[in-house]
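Some notes on the structure that comes next.
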Amino acid sequence: MTTATTRTLRTTPHTPDGEATARDSPRAANTSLPSLTGLRWMAALLVFGLHVNNFGYFDGTPGRLVYWGFSSGAVGVSFFFVLSGFVLTWSARPHDRALGFWRRRIARIYPVHLVTVGLAFLLALTLERNAQPTPTQAVANVLLLHSWWRPWWQTLNPVSWSLACEAFFYASFPLLILLLRRLGVRGSVALGGLSLAAIVVISRADSQHWWTYALYSFPAARLPEFVLGAVTARLVLLGRWRGPGLEASLALAIIGYFLVPQAPLGYSATMCTILGFTLLIPAAANADLKGLPSMWRGRRMVRLGELSFAFYMVHLLVLRAGTHLLGIKPHFGGLAGTAVTATVFTLSLALSWLLYEKVELPARRLLLRRRRPAATAAAHREAQAATRD
C-alpha cells in the first residue's frame, strides 16, 4: 500500500559487456509515476466490489452481474503487494539506513491502522453481530502479527491482514534492496524467475493441501509477489525492462482477472493474475517516464489513488456497520441495491478523505519531523519573527 513517489536519478555506468552495474542507476531527474497512484485506486475498487458481492446487496440478474464483475476482486491485494515492491525499490534512497526506512513506513501506515483498529473495536462493542476479539487477538492485530496465525487473521478490521504481510515485506526490504543492487541485470532477472517459480509451487501446495495451514494470508507465502515488484522496478531503473506496453499488459491483467473463478479457492488465484500485474506496473511506469498516453494519471484518478489506502482500510467497517441496519445478505433488487451500494461507497470515500487529510498526512508529518538543536530552533523562531515584523 504505497504511493508512487519522486526519485532523483543519475546516469548509469555500464560494464564492458554492456550490462548496467548494480549500483543506483537513475534514468531521469525528479521522475514521478502518477499512473501507479491511479492504478492503486482501481485495485482498491476491486476489493470494495468483492465485499459488496460478499455482503449480498444484490439479488437476481444484478447479483449475478456483480458476482461476474467482482467475485475475483481479492486479487486486488496481490496487485498491492507487487506494486509495493515496485514503489519501494523505485523510491529507495542510495545510502538509506534500515531504521530510517522503517520509520518512514511506520509513519505511512500505522496511524490509519490504529484509528481503524479503534473503529473496529468500537463496532465490536456496540453491534451485536460483530464478534469481540480476545485480548491476544487484539494485541496481535495492533502489532500487525495476526496474519501469521490463521485463527487471528480476520479479527477486528479484517482487511488489515494484508498490512501484516506488508509489515513483513518492510522488515525484509533493506536486505532485498541490498541484494538487488549487487545482482545486476542478469541476477535480478534470475531472482524474478525464482519468485515466479515460488508462486507456482506455493499455489500448488495450497490447492493440494500439502500443508494444513492455508497459505493465502501467510506473509512469507506472499513475499514472492513483493519481490517481483522490486525486481521489475530495478530493471526499469537500470533501463533494461523489455516488457509489453501498457495496452497489452492491461489486456493480460484483465484476462487473468476473469480466469480467477476457474482456479481453486485461496492462493491459487494469484497464479491467474501475477503475470499481468507484473507486466502492467512497469508498463505504466514506463508510460509516465516516456510521456506516453495513460488513463491512470488523470488528476481525479491520482487523487483517488492518494485516498485508496484509507478507503481500503475503512470500507469494510462501513459495510459491517451496515449489517446492523440492513441485515445479513439483504439481496435487494437492482435499483435498491445500487442505491445502498452508492451510499456505502460515498460514506466510505468521505471517511477515507477524512482519514487521509486529518490522520494520515498530519501524523506522517509529525512522526517524520526532524528535531533541530535548541540553538538552531531558536534562530529559526527569531527569523520567523523578523519576517512577520
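Here are the numbers for this structure:
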| item | result |
| --- | --- |
| Cut-off under 5 Å, modelled amide H: who pairs with Phe58 long-range | His331, Phe332 |
| By average C-beta atoms within 10 angstrom, highest first, the peptides 56-64, 41-49, 106-114, 77-85 | 77-85, 41-49, 106-114, 56-64 |
| Shape category assigned to segment 166-235 from the gyration tensor of Cα positions, a/c cut at 1.5 | oblate |
| Convex hull volume per residue for segment 229-342, taking Cα atoms only, in Å³ | 166 Å³ |
| Between segment 252-329 and segment 228-248, the Cα center-to-center distance that results, in Å | 19 Å |
| FRET efficiency for Arg242 and Ser172, using Cβ-Cβ distance with R0 set to 25 Å, rounded to 0.05 | 0.40 |
| Zero-based 5 Å bins, Cα pair distances in segment 82-151, whole percents | 3, 13, 17, 19, 16, 12, 10, 6, 3, 1, 0 |
| Rh by Kirkwood over Cα pairs, then Stokes-Einstein D for the chain at 0.890 mPa s and 25 °C, µm²/s | 111 µm²/s |
| Label-point separation in nm, Leu368 to Arg299, each point 7 Å along Cα→Cβ | 2.4 nm |
| Globularity index of segment 183-281, i.e. its alpha-carbon radius of gyration over 2.2 N^0.38 Å | 1.12 |
| Segment Trp68-His209, extension gain: residue separation times 0.36 nm, minus the distance between their alpha carbons | 48.1 nm |
| Whether segment 53-177 is rounded, prolate or oblate, judged on the alpha carbon gyration tensor where a/c under 1.5 counts as rounded | oblate |
| Compactness of segment 115-187 - radius of gyration and Dmax, Cα, Å | 16.8, 56 |
| Kirkwood Rh and Cα Rg combined as Rg over Rh, evaluated for segment 297-355 | 1.05 |
| Peptides 214-223, 238-247 ordered by average Cβ neighbours within 10 Å, highest first | 214-223, 238-247 |
| Computed lengthening from Leu194 to Val139, 0.36 nm per intervening residue step minus Cα-Cα distance | 16.3 nm |
| Relative packing of 312-325, 185-198, which averages over residues the other C-beta atoms within 10 Å, highest first | 312-325, 185-198 |
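Any read-out appearing in this document is the output of simple, stated calculations on the displayed coordinates, not a laboratory observation. Every value quoted in this text rests on a predicted model; they were computed, and no experiment measured them. Note that we place each Cβ from the backbone using ideal geometry, even for glycine, and neighbour counts take in every protein chain shown.
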